[in-house]
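Worksheet for the structure shown next.
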């Protein structure tokens with residue numbers, strides 16, 4: 001199948017570029033590029049119903065809306081990314097006094113995070129352009145996603161991650177057989193080195209907020225939310241508010257892009273409100289949003305939520321717009337609130353990593369501060385599995401009791 | 001829906017018991033109980049086609065073959081257990097000189113292990129009998145599965161685990177809000193204490209190889225293999241060999257029970273061969289199989305594969321029979337072979353915990369020793385996620401290089 005990829009448009013200067021002219025960012029001002037599709041042609045060939053009836057239980061059911069020709073890797077983990085479950089969270093809703101609350105659980109992706117979506121699409125693109133090596137900087141999840149998806153199809157991958165990444169995330173990178181370099185520095189240092197290395201060695205760079213195809217992968221979560229809502233209550237996407245954690249801003253930009261594509265196609269009448277949640281110690285985008293600017297100023301990031309710990313967000317402008325243009329907003333939460341959110345989600349059977357629970361922490365604050373009214377329906381996205389950061393999880397719970405294996409010992413501690 | 005649960009049959013003495021007469025094991029000889037269904041009635045009401053067309057993408061699509069009335073927990077993680085993907089493993093097949101090889105990936109269950117299947121069914125049963133507290137002994141995964149599924153529906157759960165369980169597994173138990181007691185002893189000590197505690201406090205005991213409903217949950221993997229094979233190549237289940245790791249013997253017994261149910265229903269003509277794989281240091285069942293006996297003698301278990309580290313297997317008799325009666329067999333592998341298997345599976349994008357990779361290690365040995373011919377189709381089951389035991393994973397890989405974040409530093413190490 002031939003994709004409907006037309007060209008790129010710079011999110012800063014608005015100028016269009018053909019796909020031959022540039023690979024990553026705007027040659028003029030370095031702005032992030034939006035992928036422009038041939039919406040008229042898509043509309044001629046497809047209808048929502050035909051997509052909803054796909055037997056493909058993965059993000060590849062939305063191939064007609066994606067800028068790649070073919071998923072590849074049929075029958076491998078690459079082919080099983082996305083299409084994650086949406087759980088009802090009635091007990092949490094009751095606790096918050098809310099009428100409707102859902103959690104979309106991205107930890108059920110092949111490598112247990114949202115990032116599989118981006119890696120799946122970038123790998124498909126990589127094959128089309130004949131990339132020999134695909135490289136990415138990562139705080140852990142994006143790297144694991146690239147390494148895992150690449151392993152699935154036998155593609156060479158190189159990962160640069162900060163040496164401070166949680167052990168489970170580093171283990172994942174290594175197990176998947178990627179070439180891993182731990183950088184004695186921050187994520188931002190790894191990011192810059194990755195771009196230098198891809199220029200130097202001709203590698204295809206997957207960096208988030210740099211390669212325009214990551215956004216296209218991430219938008220598939222918005223398409224899934226759309227399909228889920230259409231099945232639940234057709235045409236009522238608008239009252240929904242979507243909460244998602246924000247680090248470099250690429251996931252929230254991807255969600256926004258997905259809904260914008262659906263608007264372009266005329267398949268939805270209005271989009272849900274999108275709320276970004278940042279950790280206090282890594283809140284460069286939220287600060288710009290509150291100050292009413294699109295100028296993103298770097299911070300010195302420090303938060304327990306390693307996946308969203310970013311000094312200089314690389315997709316900040318579009319991330320600010322995602323909230324502003326959808327009528328959503330930004331919320332900033334403390335590490336303590338994030339740890340509480342891990343425990344709260346755990347009690348309904350969802351084990352989230354700190355960055356995953358951050359979105360729920362944001363909802364709690366939004367309800368407390370009246371930003372969300374109790375009768376407004378909300379969907380919270382958990383972006384990754386708690387198994388990826390056990391050290392953080394253990395800070396959210398009380399240490400268990402250790403006993404001798406006897407009934408007497410048990411009785412002594414049981415109350 | 002009213003289930004077709006008829007009664008229990010002791011796997012040792014063959015005597016039948018009504019569901020009122022006993023809850024766990026044979027009152028006569030303590031043997032494991034098989035759940036007997038009203039196969040004639042199932043056959044009257046259902047056909048494979050009606051089951052295959054279910055829109056339920058979870059193990060609950062097989063509700064007509066399960067001894068519970070209702071899943072409960074609609075829209076929660078409990079409702080999303082099972083229906084795991086089967087991946088083609090062409091590159092591993094090539095390496096082993098095989099024609100057909102697949103991996104069924106149980107790490108994609110809600111709490112990332114096979115055990116969610118058992119916990120989902122035991123919880124459904126617990127609700128039917130009005131259990132206030134459900135308790136289990138666990139090396140980690142069964143407990144996490146019970147804790148997670150219980151959290152999903154707000155059921156009280158108590159877990160006894162050896163204090164030596166991997167940190168990620170203990171973190172999972174705690175995050176899901178279960179009451180956790182770490183036992184200063186082995187899994188077997190925790191097992192015995194759990195039974196004493198359930199007798200003493202009137203808790204419903206989920207213990208594996210004790211509660212007959214765990215097998216019914218685990219059999220759903222066999223039903224999925226059946227449906228997958230029918231879609232792939234109808235009627236050709238027989239040439240398939242299924243490889244699975246074995247600890248207490250309950251998973252392999254569950255697989256066997258699933259295929260036996262299908263035979264009873266006349267829905268399959270013959271069953272696949274089932275191969276159990278045990279770690280050298282925890283091989284009580286394999287030893288009995290090799291000695292041609294059903295007498296299981298305890299060992300002092302020691303293996304890196306903590307999920308299958310068991311002194312006295314509680315479902316050993318049925319586990320021996322699963323291999324013998326299906327024309328399969330047993331294979332014993334070293335911890336070194338298990339670590340290699342983790343790395344091999346990783347290179348096709350599957351991150352398995354040691355017990356999960358054990359099945360693949362068994363296949364490698366079976367091919368080397370001509371137990372399996374290269375043209376025989378094989379399905380290997382990965383029973384759990386490698387994220388649950390990062391310490392073990394790190395033993396399977398080479399430590400990554402640490403560099404300064406400069407192109408010069410990268411160039412110095414790149415070859």
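All of the numbers you see were taken from the coordinates with simple rules; none came from a lab. On a predicted model such as this, the values are computed, not experimentally measured, just so you know. Here the Cβ positions follow ideal geometry from the backbone for every residue, glycine too, while neighbour counts run over all protein chains shown.
A few comments on the model shown:
- Among A:293, A:111, A:136, the largest mean-square fluctuation in a Gaussian network model of chain A, built with springs joining Cα atoms closer than 10 Å, belongs to A:293.
- Between residue A:156 and residue A:6, the FRET efficiency from the beta-carbon distance, with R0 = 35 Å, is close to 0.70.
- 20 °C / 1.002 mPa s Stokes-Einstein diffusion coefficient of the range B:52-101, Kirkwood radius on C-alpha pairs, µm²/s: 160 µm²/s
- Relative contact order for the range A:6-107, counting Cα pairs under 8 Å that sit 6 or more residues apart, in percent: 17 percent
- By DSSP, the beta bridges lying fully in chain B are antiparallel in about 30 percent of cases.
- The fewest-to-most ranking of A:49, B:15, A:260 by surrounding Cβ atoms within 10 Å reads A:49, B:15, A:260.
- The long axis of helix B:316-326 is offset from the longest Cα principal axis of chain B by roughly 80 degrees.
- Tilt relative to chain A, helix A:116-128 - C-alpha long axis, 0 to 90 degrees, to 10: 20 degrees
- Hydrodynamic radius of the protein assembly as shown per Kirkwood, over alpha carbon pairs, in Å: 27.0 Å
- Likely footprinting exposure, B:186, B:194, B:300, fewest C-beta neighbours within 10 Å first: B:300, B:186, B:194
- Inter-chain shielding of A:110-118 (mean C-beta neighbours from other protein chains, 10 Å cut-off): 2
- Its DSSP H runs of at least 4 residues, each contributing -39,500 (n - 2.57), put the calculated 222 nm mean residue ellipticity of chain B at -12000 deg cm²/dmol, to the nearest 500.
- Across peptide B:165-171, the mean count of Cβ atoms from other chains lying within 10 Å of each residue's own Cβ comes to 5.
- Per residue of A:380-393, other chain Cβ atoms within 10 Å of the residue Cβ number 4 on average.
- 0 to 90° range, to nearest 10: angle between helix B:212-232 axis and chain B longest Cα axis: 60 degrees
- Three-way shape label, the range B:298-337, alpha-carbon gyration tensor, a/c 1.5: oblate
- Look at the Cα gyration tensor of the range A:24-79: its axes a ≥ b ≥ c give a/c of at least 1.5 with a/b at or below b/c, and that counts as oblate.
- Chain B residue nearest the axis that carries B onto A, by Cβ, with distance in whole Å, is B:387, 2.
- Rg/Rh (Cα only; Kirkwood hydrodynamic radius) as it applies to the range A:143-207: 0.95
- The range B:96-189 shape via C-alpha gyration tensor axes, a/c threshold 1.5: oblate
- Bridge type composition, the range A:85-219 - antiparallel percent by DSSP, nearest 5: 20 percent
- Quotient of the Cα radius of gyration of the range B:5-146 and 2.2 N^0.38 Å, N being its number of residues: 1.25.
- Using a cutoff of 8 angstrom between alpha carbon atoms and counting only pairs six or more residues apart, the relative contact order for chain B works out to 15 percent.
- Label-to-label distance, residue B:44 versus residue A:74, with points set 7 angstrom from Cα along the beta-carbon direction: 4.3 nm.
- Panel order for A:205, B:10, by other beta carbons found within 10 Å of each beta carbon, from fewest to most: B:10, A:205.
- Beta-bridge orientation, the protein assembly as shown: approximately 30 percent antiparallel, per DSSP, counting only bridges with both partners inside.
- Here the spin labels are modelled as points 7 Å beyond Cα on the Cα-Cβ line, and at residue B:231 and residue A:298 they lie 4.9 nm apart.
- Histogrammed with a bin width of 5 Å, the alpha carbon distances of the range B:287-415 distribute as 2, 9, 15, 17, 17, 14, 9, 5, 3, 3, 2, 2, 1 percent, first bin at zero.
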